[in-house]
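The values are calculated or read from the model by the stated rules, or taken from the named source; none is laboratory data. Please read all numbers here as calculations on a predicted model, not as lab measurements. Positions of Cβ are backbone-derived with ideal geometry, glycine not excepted, and every protein chain shown enters the neighbour counts. Side chains are part of the model used for accessible areas, which takes the heavy atoms of the whole protein and leaves out ligands, DNA and RNA. Shrake-Rupley method; radii C 1.70, N 1.55, O 1.52, S 1.80 Å.
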Amino acid sequence: MKLLELNHVEKSFGDLCVLKDISMSVEEGEIVSIIGPSGSGKSTLLRCATMLETMDSGEVIYLGRKAAWTGQDGRAVYAGKKELKEIQSQYGLVFQNFNLFPHFSVLKNITDAPLHVQKRDKESVYREARELLKKMGLEDKEDAYPYQLSGGQCQRVAIARALALNPKILFFDEPTSALDPELTGEVLKVIKSLADLHIAMVIVTHEMAFAKDISDRVIFMAGGVIVEEGTPQQVFASDNERTQSFLGRYGTIL
Amino acid sequence: MGKMTIQQMIMQLAGGMGTSIQIFVVTLLFSLPLGLVIAFGRMSKNRLIQTIVKFYISVMRGTPLMLQLMVVYFGPYYLFRVKVGSGYRLWATFIGFVINYAAYFAEIYRSGIQSMPVGQYEAAQILGYNKFQTFFKIILPQVIKRILPSITNEVITLVKDTSLAFTLSVAEMFSIAKALAASQTNMIPFVAAGLFYYIFNLLVAVGMEWIEKKMNYYR
């Protein structure tokens, strides 16, 4: 079964049409990168898929369960509160600017939702959180507060926080765009290390080398449509004029 | 009343001090939570609630507290011919202070809540927190830290405003000081009252600073 299906998603902000009839899907364990110029609708697509933004029309389906569909009047209809809540527990999102809770310690940032949203057992939540911190290379930071951490460390905590809820699919919205090249490296390394967790990942990124290296599939978006989609090799070697003009420089460097 | 010693005067003033402190404590205890409720009304999507609350806040901020106290005290009789006993004086003071201060606190809460970055709400939503948890666990603690300096200002004003209860002949610090000064033809009660308000506010400032420091564990 497909983990996520987006069908004919449309979204406008006023007169500006940001997403035009977008359809895509994600298989279990698959890593998909979405690349494209700024303003092409990548982040909006992610925000529609995670229900932070309400789309105008289209379908969002997680594991066969419909979160939203197009009603008879052509407007998007969303599922009930309870159904949405259950569907929501299938996915996580890592933000560009982390959005950690500044008043919670690192450990509490990670454990609070598993404890108070999922109501899981305290002992296992803390054990898993510490394992995650170790995986992120932050085992000595559990009592620190976000303001005491570097941007790269914050983003790694945010990734641990998302993983602590055991999502089946994890979205990354430009996870390194707020970081300098050095910190970008450490965050990308961590994301790469997640590949063996077999969580599906959808990554909106401007890091082309990273996208080429990590993805099973690359989606190239421009002007609110999916221009091209395929394996990294296919997309990065594409003849498509629009893809070429965006990737041109990367193609010669890589 | 005959001549009193300084000690006797201080004893009398001490009784008024108790009443002043009582007005202070009751006002904070009720106006701080009520202010939060009013702030919600002010930010309500329901236009009717929003308009009513907006009007209420503008009246509370736009008219003298002294006048409001009189309306609360005399209103029941003048408007509805309800007979109120003299015991109602203190109650009217409490009610007047609470509804006045709640309006100011509501605007402070609102400024704090609206200054919160939307990312905090989005992160909470993605992590599955419900609206109640999001507000009380994630948003409110950060709002309180942000608005603490403005709250301190209001609390200090409140200490001095308790003297307005004299308009309803409530025997708080200021009323007693005024009566004593007149009967004893003496400045000492005024000096003592001044000292009382000053020291009270000094303690308030120290206390609020302590709370601010306590909340400095994060930025």
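For region A:109-129, the tally of residues that are more than 17 Å from B:Phe135 (Cα to Cα), open to solvent by 20 Å² or more (accessible area, probe 1.4 Å) and at the interface with chain B (Cβ under 10 Å from one of its Cβ atoms) stands at 1. Given the structure, is A:Gly152 within 12 Å of another protein chain (Cβ to nearest Cβ), in contact (Cβ under 8 Å) with a residue 12 or more places away in the chain and farther than 20 Å from B:Gln142 by Cα? No, not satisfied.
Consider only pairs whose beta carbons are under 8 Å apart and that are at least six residues apart or on different chains; among these, list those whose first residue lies in region B:19-35 and is without any contact (Cβ under 8 Å) to a residue 24 or more places away in the chain and whose second residue is of a type in the set (Lys, Arg). Close Cβ pairs (under 8 Å, with a partner that is of a type in the set (Lys, Arg)) do not exist here. Contact annotation: residue pairs with Cβ atoms under 8 Å, 6 or more positions apart or on different chains, pairing a residue in region B:145-157 that is free of Cβ contacts under 8 Å to residues at least 40 places away in the same chain with a partner that is part of a helix (DSSP H, G or I) and open to solvent by 60 Å² or more (accessible area, probe 1.4 Å), are B:Ile147/B:Ser111.
As for region A:186-196, it holds at least one residue that is in contact (Cβ under 8 Å) with a residue 12 or more places away in the chain and more than 30 Å from A:Tyr62 (Cα to Cα). The condition of being at pLDDT 90 or above, more than 22 Å from B:Leu140 (Cα to Cα) and basic (Lys, Arg) holds for only one of B:Arg42, B:Arg81, B:Arg47, that being B:Arg47.
Residues of region A:18-36 that are in contact with a Gly (Cβ under 8 Å, 6 or more places away or on another chain) and over 20 Å from A:Gly71 (Cβ atoms): A:Val18 alone.
Here A:Lys66 meets each of (1) farther than 26 Å from B:Met116 by Cβ; (2) within 13 Å of chain B (Cβ to nearest Cβ); (3) open to solvent by 20 Å² or more (accessible area, probe 1.4 Å) with one exception, condition (2). Restricting attention to region A:78-98 and to residues that are facing another protein chain (nearest Cβ under 9 Å) and part of a helix (DSSP H, G or I), the residue that is nearest to the chain's Cα centre (by Cα) turns out to be A:Gln88. Do we find a residue being of a type outside the set (Gly, Ala, Ser), open to solvent by less than 20 Å² (accessible area, probe 1.4 Å), away from chain B (no Cβ under 11 Å) and under 21 Å from A:Ile191 (Cβ atoms) anywhere in region A:135-145? Yes - at least one qualifying residue is present in region A:135-145.
Looking at B:Ala205, is it free of Cβ contacts under 8 Å to residues at least 60 places away in the same chain and open to solvent by 30 Å² or more (accessible area, probe 1.4 Å)? Answer is yes for this residue.
It is to be established whether one or more residues within region A:38-56 are more than 14 Å from every other protein chain (Cβ to nearest Cβ) and touching an Asp or Glu at 6+ places or on another chain (Cβ under 7 Å). There is at least one residue in region A:38-56 that is more than 14 Å from every other protein chain (Cβ to nearest Cβ) and touching an Asp or Glu at 6+ places or on another chain (Cβ under 7 Å).
Of the candidates A:Asp213, A:Asp239, the single residue that is touching a residue at least 12 places away in the same chain (Cβ under 8 Å), acidic (Asp, Glu) and farther than 20 Å from A:Phe95 by Cβ is A:Asp213. A:Ser38 falls short on exactly one of the conditions (1) in contact with a helix residue (DSSP H, G or I) (Cβ under 9 Å, 6 or more places away or on another chain); (2) not in a strand (DSSP E or B), and that condition is (1).
Note on region A:159-191: residues that are of a type in the set (Gly, Ala, Ser) and more than 13 Å from chain B (Cβ to nearest Cβ) amount to 2. Hey, any hits in region B:112-134 for a residue that's touching a residue at least 60 places away in the same chain (Cβ under 8 Å) and either open to solvent by 50 Å² or more (accessible area, probe 1.4 Å) or within 14 Å of chain A (Cβ to nearest Cβ) (or both)? Yes, region B:112-134 contains a residue that is touching a residue at least 60 places away in the same chain (Cβ under 8 Å) and either open to solvent by 50 Å² or more (accessible area, probe 1.4 Å) or within 14 Å of chain A (Cβ to nearest Cβ) (or both). It is to be established whether one or more residues within region A:69-79 are buried (at least 22 other Cβ atoms within 10 Å of the Cβ) and either touching a strand residue (DSSP E or B) at 6+ places or on another chain (Cβ under 7 Å) or hydrophobic (A, V, I, L, M, F, W, C) (or both). No, because not a single residue in region A:69-79 is buried (at least 22 other Cβ atoms within 10 Å of the Cβ) and either touching a strand residue (DSSP E or B) at 6+ places or on another chain (Cβ under 7 Å) or hydrophobic (A, V, I, L, M, F, W, C) (or both). Just to be sure before I move on: is A:Glu5 surrounded by 14 or more Cβ atoms within 10 Å (Cβ to Cβ) and part of a strand (DSSP E or B) in the structure I sent? Judged against the criteria, A:Glu5 is a match.
Would you say B:Val170 is away from chain A (no Cβ under 14 Å), modelled with pLDDT of 95 or more and closer than 30 Å to B:Ala14 by Cβ? Spelling it out, it is not the case that B:Val170 is away from chain A (no Cβ under 14 Å), modelled with pLDDT of 95 or more and closer than 30 Å to B:Ala14 by Cβ. Per the conditions (1) open to solvent by 40 Å² or more (accessible area, probe 1.4 Å); (2) out of contact with any helix residue (DSSP H, G or I) (no Cβ under 7 Å at 6 or more places or on another chain), the sole criterion not satisfied by B:Phe30 is (2).
Looking only at residues of region B:1-27 that are assigned to a helix (DSSP H, G or I) and among the β-branched types (Val, Ile, Thr), we find that the one that is surrounded by the fewest Cβ atoms within 10 Å (Cβ to Cβ) is B:Val25.
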